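Here it is, the structure, as structure tokens.
The values are calculated or read from the model by the stated rules, or taken from the named source; none is laboratory data. Computed from a predicted structure; not experimentally measured. Glycine also receives a Cβ, built like all others from the backbone with ideal geometry; neighbour counts cover every protein chain displayed.
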Amino acid sequence: MVEFRKKSVQDIDLAGKTVLIRVDYNVPMKNGVIEEDMRISASLSTIRYVLDQGARKVVLISHLGRPDGAYVPEMSLAPCAQRLGELLPDKVVRFSDMIYGDDARAAVDALPDGGVILMENLRFVPDEEANSEAFAKNIIDATGAEVFVQDGFAVIHRAHASTDAIARLLPSAAGFLVEKEVTSLETAMKDPKRPLLVIVGGAKVSDKQPLIDKFIEIADKIVVGGKIAADGYLSSSPNVYVAEDFAEDGNGTKLDIGPVSTKKIVEMIKEAHTIVWNGTMGMVEDERFAKASFAIAQAMGESNEMTIVGGGDTAGFVEKVLKTNGELTFSLISTGGGASLELLSGKQLPGLEVLQDK
Ligand code: 3PG
């Protein structure tokens, strides 16, 4: 594993402090009901660690959806606070419908020591996405935060007030989730156990081309599948394998890669020592076109080598597969869609760069 170059939550003094943790609770939600809570459970180890170190209070901040700076009731984080309470039954977990100002201050003051409070959706205020320093100061002032921990891996590719401005105002460090995601993904890029196989799928070639470009020099083999391949992706590079057969619907639309390609990819997975997968192979919402993705998930989950699933749709698909086959294991199922793709494509992540170096 490559070394983590930023300060970790383990490197800072937390005892007696009010600790502000940026989490990413941007979870799929329908009519106020959380459909999948992977990002909430992924935040627990840092929260528990901070409290175990004797922190006085934990204040959590997050966004949900894209409300564009306006209050949208369906995008309230209140259901996430409730779910967090269920996941931390031994802690007092509260919700504050204000992010700063007197009411927010009163809510944090009323929280008993050792408790956790989640503030309302940051993106209800336009200042969040504007990376406003004044907004960051207001949050610090209302919550009494003395230390900042960045654990919202899925949002660290954004330079917002809660990922950038705030980290400049307080002693700042990375939480366990950020550290695990960054070191796993960077290891695959910089120091992979070879052969390194990268499997790329998904719908938009413009999204995935930077990833292919980055790995063309690094990977021993790159597989291109999904709609990108169905649309006729071409590569002259000898280490790129583009899916060669497809499963079609009744109208001749290619909606999954076919059995010949799937078999070859599964063989490649068996031979690889590091496997990175980003992008499903077909229209996985329809079981008939999820076969290749399922076979890949299964082969990776059965492998004892380093297996990394890039976030977004691919992670969601693998989480579903895990519900029916709990025996499969992965080294990392990334919680970050855009963030993992940007990191793997070699871009700098503002919310990571701003954290203090070791
Ligand atoms: C995500 O789901 O990728 C993150 O929460 C970031 O959300 P955003 O793309 O709306 O900034």
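Return the only residue of 269, 275 being modelled with pLDDT of 95 or more, over 22 Å from the mean Cα position of the chain (by Cα), β-branched (Val, Ile, Thr) and within 25 Å of residue 193 (Cβ to Cβ).
269
Against the conditions (1) away from the ligand (no atom under 16 Å from the Cβ); (2) assigned to a helix (DSSP H, G or I), where does residue 328 fall short? Just the number, please.
(2)
Does residue 35 satisfy the criteria of being modelled with pLDDT under 95 and surrounded by fewer than 18 Cβ atoms within 10 Å (Cβ to Cβ)?
Here the answer is yes, as residue 35 does meet what is asked.
Confirm whether residue 14 is in a loop (DSSP other than H, G, I, E, B) and in contact with a Cys (Cβ under 8 Å, 6 or more places away or on another chain).
Judged against the criteria, residue 14 is not a match.
Using beta carbons and a limit of 8 Å, which pairs, at least six apart or on different chains, have the first residue in region 204-224 and in contact (Cβ under 8 Å) with a residue 40 or more places away in the chain and closer than 16 Å to residue 190 by Cα and the second one assigned to a helix (DSSP H, G or I) and among the acidic types (Asp, Glu)?
none
Tell me, yes or no, whether region 274-282 has at least one residue that is over 23 Å from residue 213 (Cβ atoms) and either surrounded by fewer than 20 Cβ atoms within 10 Å (Cβ to Cβ) or in contact with a Cys (Cβ under 8 Å, 6 or more places away or on another chain) (or both). Steps first, answer last, please.
At the first step, the residues of region 274-282 found to be over 23 Å from residue 213 (Cβ atoms) are 282.
Keeping just the survivors that are either surrounded by fewer than 20 Cβ atoms within 10 Å (Cβ to Cβ) or in contact with a Cys (Cβ under 8 Å, 6 or more places away or on another chain) (or both) gives none.
No: region 274-282 contains no residue that is over 23 Å from residue 213 (Cβ atoms) and either surrounded by fewer than 20 Cβ atoms within 10 Å (Cβ to Cβ) or in contact with a Cys (Cβ under 8 Å, 6 or more places away or on another chain) (or both).
Only residues that are over 13 Å from residue 339 (Cα atoms), surrounded by fewer than 23 Cβ atoms within 10 Å (Cβ to Cβ) and in contact (Cβ under 8 Å) with a residue 40 or more places away in the chain: list them for region 156-183, please.
Within region 156-183, 164, 168, 170, 171, 172, 176, 179, 180, 183 meet the criteria.
State the number of residues belonging to region 104-148 that are more than 16 Å from the ligand (Cβ to nearest atom), surrounded by fewer than 23 Cβ atoms within 10 Å (Cβ to Cβ) and among the small types (Gly, Ala, Ser).
So the count comes out to 9.
Right, another one. If you take the residues in region 300-344 that are free of Cβ contacts under 8 Å to residues at least 12 places away in the same chain and of a type in the set (D, E, K, R), which one is surrounded by the most Cβ atoms within 10 Å (Cβ to Cβ)?
Here the residue is 320.
Now a separate question. So which residues in region 1-32 are more than 16 Å from the ligand (Cβ to nearest atom), within 23 Å of residue 96 (Cβ to Cβ) and surrounded by 15 or more Cβ atoms within 10 Å (Cβ to Cβ), if there are any at all?
Result: 9, 14, 17, 18, 19, 20.
Also, I was wondering about something else. In this structure, does residue 202 turn out to be at positive phi, over 23 Å from the mean Cα position of the chain (by Cα) and assigned by TED's automatic domain parsing to the domain that holds residue 318?
No, not satisfied.
So, one more: Taking the stated definitions as given, is residue 167 under 26 Å from residue 64 (Cβ atoms) and not in a helix (DSSP H, G or I)?
no
Something else now. Of the residues in region 99-118, how many are free of Cβ contacts under 8 Å to residues at least 24 places away in the same chain and among the hydrophobic types (A, V, I, L, M, F, W, C)?
3
For region 244-268, enumerate the residues that are of a type in the set (Ser, Thr, Tyr) and in a loop (DSSP other than H, G, I, E, B).
Hit for region 244-268 is 253, nothing else.
In the set 188, 167, 154, 174, which member is away from the ligand (no atom under 16 Å from the Cβ) and within 16 Å of the chain's Cα centre (by Cα)?
Going through 188, 167, 154, 174 in turn, just one is away from the ligand (no atom under 16 Å from the Cβ) and within 16 Å of the chain's Cα centre (by Cα): 174.
Go through (1) surrounded by fewer than 24 Cβ atoms within 10 Å (Cβ to Cβ); (2) under 15 Å from residue 223 (Cα atoms) one by one and return the number of the condition residue 254 breaks.
All conditions pass for residue 254, except number (2).
Residues being part of a helix (DSSP H, G or I) and of a type in the set (A, V, I, L, M, F, W, C): count how many of those fall in region 201-243.
Here is the first cut: in region 201-243, the ones part of a helix (DSSP H, G or I) are 205-216, 226-230.
Adding the requirement that they be of a type in the set (A, V, I, L, M, F, W, C) leaves 205, 211-212, 215-216, 228-230.
Of the residues in that region, 8 qualify.
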